[in-house]
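The values are calculated or read from the model by the stated rules, or taken from the named source; none is laboratory data. Just so it is clear, the structure is predicted and the values come from calculations on it, not from any experiment. Here Cβ is always computed from backbone atoms with ideal geometry, including for glycine, and neighbour counts include all displayed protein chains.
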Amino acid sequence: MKRIAVIFLVCLAITGCGEKFPAANYDVTGSWLLTKMESSTKAIVVGSETVDVYIEFLSSGQFNIYQMKGAGRYYHYTGTWTRTNNIVTGSYSDGTPWACDYRVFKETEGKTLTMTANNTTREKMTLISAKIPDNIRQEAIDK
């Protein structure tokens, strides 16, 4: 029995000195700007129009999305979200659920959030921490 304990401690010592992996960070609260989207069906550029998206996850479980397509105005969408471990789900204020759930990861410094669709598309969004400008909040059209 002591031999097994010694072998275990030796293995632990050998593997314990290797590369350290960052602790999982799934806290998505804050405001984020979409900077990159990887998908076979969607992109930040839709046709010839650029899509600009800010997402704000509030600690109360509410979210705000400000989205502008092309040179138009921002539209404001609201709803609720929840997170269980690394999975974020949500519904818009009219009760419509998001198209899918997302696996999330926030890098160590907390400046980049990755959201990957938890479905067959595996659509991947990269967002950076960004304050939503006051003029966007004030001038957005509520949906």
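Considering only residues that are charged (D, E, K, R) and loosely packed, with under 15 Cβ neighbours inside 10 Å, which ones fall in the range 68-84? So that I can check it myself, show each step before the final result.
Initially, the range 68-84 is screened for residues charged (D, E, K, R), giving 69, 73, 83.
Residue satisfying the conditions is R73 alone.
Could you list, in sequence order, all residues of the range 122-143 that are of a type in the set (D, E, K, R), surrounded by fewer than 16 Cβ atoms within 10 Å (Cβ to Cβ) and in a loop (DSSP other than H, G, I, E, B)? The answer is R122, K131, K143. If the condition is being exposed (fewer than 14 other Cβ atoms within 10 Å of the Cβ), over 22 Å from K143 (Cα atoms) and free of Cβ contacts under 8 Å to residues at least 40 places away in the same chain, then the range 85-121 contributes I87, E109, K111, N119, T120.
Every residue, every condition in (1) within 13 Å of the chain's Cα centre (by Cα); (2) under 17 Å from K131 (Cα atoms); (3) among the small types (G, A, S); (4) modelled with pLDDT of 90 or more, yes or no:
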| residue | (1), (2), (3), (4) |
| --- | --- |
| M1 | no, no, no, no |
| V46 | no, no, no, no |
| V53 | yes, yes, no, yes |
| S59 | no, yes, yes, yes |
| W81 | yes, no, no, yes |
| S91 | no, no, yes, yes |
| L113 | yes, yes, no, yes |
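The set of residues from the range 80-107 being among the small types (G, A, S) and at negative phi comprises G90, S91, S93, A99.
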